[in-house]
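To keep things clear, I will list the structure first and then write my remarks on it.
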Amino acid sequence: MQRFLIRRFVIVIITLFAVSIIIFIMARAGGDPRTMLLDDYADEQQWQELGQALGIDKPYYQQYGIFIADLFQGDLGQSIKERRPVIDVIAQRIWPTFQLGLAAFAFSVVIGIPLGVLSSIQRGSALDIVGKVVALIGQSAPSFWLGIMFMFWFAVKLGWVPPSGRGEWRSIILPMVTLGWVFIAANLRLMRSAMLDVLDSEYVKLARAKGVTNRAVLWKHAFRNALIPPLTFAGVNLGALITGSLTTELVFAWPGLGQLAVQALWAFDYPLLQGIVIIYTLMYVAAAFFVDVLYAYIDPRIRYA
């Protein structure tokens with residue numbers, strides 16, 4: 001287990017290093033930001049001074065070296081648009097994104113996993129059909145369309161919840177359901193499939209033949225063994241829900257990192273954009289690492305050589 005954790009940590013470092021190179025290249029692929037920050041009447045001296053202030057007057061390899069050195073010190077640079085440290089700008093927006101992502105994750109697990117188990121137990125029943133319809137809508141309907149429909153019916157027509165923004169506790173309901181619905185569908189389908197495979201296995205048939213109660217068969221033998229595929233997907237979900245909430249944040253004017261990333265892109269604020277992508281990468285890799293560690297605790301048969 002210790003060797004596995006060390007290997008995974010090394011892979012995390014390599015992943016972050018590769019991502020840093022991609023971020024550095026892509027952030028500068030759109031051209032020189034001075035063309036947007038200076039007007040047509042700027043002279044050569046202003047051009048050079050702004051280049052020195054932004055640190056883009058040096059060769060790319062020197063810029064990357066400075067970028068990595070600052071990154072190890074926790075310095076993500078200075079935001080061009082906000083005129084203050086990137087880490088301070090991100091710190092103001094990271095909690096709303098975490099709040100929305102974790103709420104959507106909990107919603108997708110609490111609804112999707114039990115519904116998948118019940119659908120597998122009562123296959124072909126009305127409940128199974130309802131589960132299939134929920135999964136179909138969740139995996140086929142675009143999230144922005146779902147968000148607009150929810151906003152129209154539950155906020156505008158019925159007035160049950162606020163239409164947008166982050167205020168009272170009810171304001172998180174619509175973006176949470178919108179963001180989590182697609183993962184409810186995925187969790188439901190995956191859990192149902194895994195449970196059906198386990199329920200048809202030989203050791204479950206043997207347990208039933210020995211007279212083990214149906215409840216013990218379902219929760220002790222079937223559910224625990226069927227939990228590995230959904231757990232893997234849940235770990236990916238957690239990272240995706242936190243880092244992939246851009247569309248939902250835009251639809252509901254949720255003041256998170258996704259909305260901030262779009263603003264940084266339009267303003268060509270590449271230091272801020274770099275910082276957001278790095279934070280996203282850290283959160284995604286941390287979620288995947290956490291799930292890998294959980295494997296051995298859920299299924300003791302799993303061993304990492």
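Among 157, 81, 132, which one shows the biggest mean-square fluctuation in a GNM of the chain, springs joining Cα atoms closer than 10 Å?
Comparing 157, 81, 132 in a Gaussian network model of the chain, the most mobile one is 157.
If one computes the Cα centroid of the stretch 229-276 and of the stretch 39-82, what distance in Å separates the two points?
That distance is 25 Å.
If you line up the long axis of helix 126-140 against the longest principal axis of the chain, both from Cα atoms, how many degrees apart are they, to the nearest 10?
Tilt relative to the chain: about 20 degrees.
Under the rule a/c < 1.5 gives rounded, and otherwise a/b versus b/c splits prolate from oblate, where does the stretch 169-305 land using the Cα gyration tensor?
Prolate is the answer for the stretch 169-305, as a/c is 1.5 or above and a/b outweighs b/c.
Angle, helix 173-199 long axis vs. longest principal axis of the chain, Cα atoms, 0 to 90°, nearest 10?
Roughly 40 degrees between the two axes.
Anyone know which of 226, 186, 126 comes out most mobile in the 10 Å Cα GNM of the chain?
126
Nearest 10 degrees, 0 to 90: what angle lies between the long axis of helix 270-298 and the longest principal axis of the chain (Cα atoms)?
20 degrees
In a GNM of the chain with a 10 Å cut-off on Cα contacts, which of 75, 200, 88 has the highest mean-square fluctuation?
The residue that fluctuates most here is 200.
Would you rank 280, 270 by solvent-accessible area, highest first, keeping every protein chain in place and using a 1.4 Å probe?
Ranked list, largest accessible area first: 280, 270.
The values are calculated or read from the model by the stated rules, or taken from the named source; none is laboratory data. None of these values were measured; they are calculated from a predicted model. Remember, those area values only see protein heavy atoms, side chains included, never the ligands or the DNA or RNA. Shrake-Rupley method; radii C 1.70, N 1.55, O 1.52, S 1.80 Å.
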